1. Expressed as an acute angle from 0 to 90° and rounded to the nearest 10, what is the orientation of the C-alpha long axis of helix 115-131 relative to the principal long axis of the chain?
2. Between V131 and L110, take the C-beta separation as r, use R0 = 30 Å, and let me know the FRET efficiency to the nearest 0.05.
3. If r is the Cβ-Cβ distance from T79 to E170 and R0 is 22 Å, what FRET efficiency results, to the nearest 0.05?
4. Once you put a point 7 Å from the Cα of Y66 and another 7 Å from the Cα of Q86, both along the Cβ direction, what distance in nm separates them?
5. Measure nothing but the geometry: give the 0 to 90° angle between the long axis through the Cα atoms of 96-111 and the longest principal axis through the Cα atoms of the chain, rounded to 10°.
6. In nm, to one decimal, how far is the R16 label point from the R192 one, both placed 7 Å along Cα→Cβ?
7. Where does the charge balance sit around G26 when Lys and Arg score +1, Asp and Glu -1, over other residues with C-beta under 15 Å from its C-beta?
8. Rounding to the nearest 20 debye, state how big the charge dipole of the stretch 2-66 is about its Cα centre with +1 on each Lys and Arg Cβ and -1 on each Asp and Glu Cβ.
Amino acid sequence: MTTSVANPPADIPRLRALDSSLAFLGDGYLFGTRQFREHGTDAFRTRIMGKPATIMYRADAAQIFYADDRFGRERAMPTSVLHLLQDEGSVQALAGEAHRHRKSLFIQLLSTPNALSRLTRTFRDEFLDAVGNGRKSMVLYDEMNVVLTRTVLQWAGVTLDNVDVQRLSEELSSMVENAGRFGPSNWAARARRTA
């Protein structure tokens, strides 16, 4: 997790690099993992795009983001990501009580009797069917997109006979793959989302 902290505790180590932007872009999610391991700490300080940042992880760190509505969600995601993956009014775009209420609806949906076991069972059946169909090889990423799409559709009560699952799984994966991109590939994925 990354957050600006006005006065971080003095015992949090600071990286020697003047700015870690390029390392962060190059390593992605592994950037923090490597630094945590190298420094033997759960948090470290650095600069990202010239601004002070404290990078941290574990449950205690996550609580900082959920306690007392300390952070706003406004502009937390670029609009190219927001409009492709979630859109205005989604649970991640809401704040305060509206966010908590919408989030609780999703949690209740997963907490109904047998909901998680039914989802798990459906995924297992779809996965075993996909890998056990006699093919010599497959592209796991592509196959998992189809398995996940079939699983969620069935779990939500959608009859698979009425859906082009292959096409839908390609559209859904395109939305995720293009969320962080700018330009034509993002625009095309957004157009498919609204079609």
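1. Helix 115-131 sits roughly 70 degrees off the main axis of the chain.
2. On the way: r = 26 Å, r/R0 = 0.86.
So, using R0 = 30 Å, E works out to roughly 0.70.
3. 0.40
4. Each label point is offset 7 Å from its Cα along the Cβ direction, giving 1.5 nm.
5. 40
6. 4.6
7. On the way: positive: R34; negative: D19, D27.
Its environment carries a net charge of -1.
8. Numbers: 8 positive and 6 negative charges, 29 e Å.
Around 140 debye, computed over the stretch 2-66.
Read the figures in this text as sums done on the coordinates, not as results from a lab. What you are looking at is a predicted structure, and each value in this text was computed from that prediction instead of being measured. Here the Cβ is made from the backbone with ideal geometry for all residues, glycine too, and neighbour counts use every protein chain on show.
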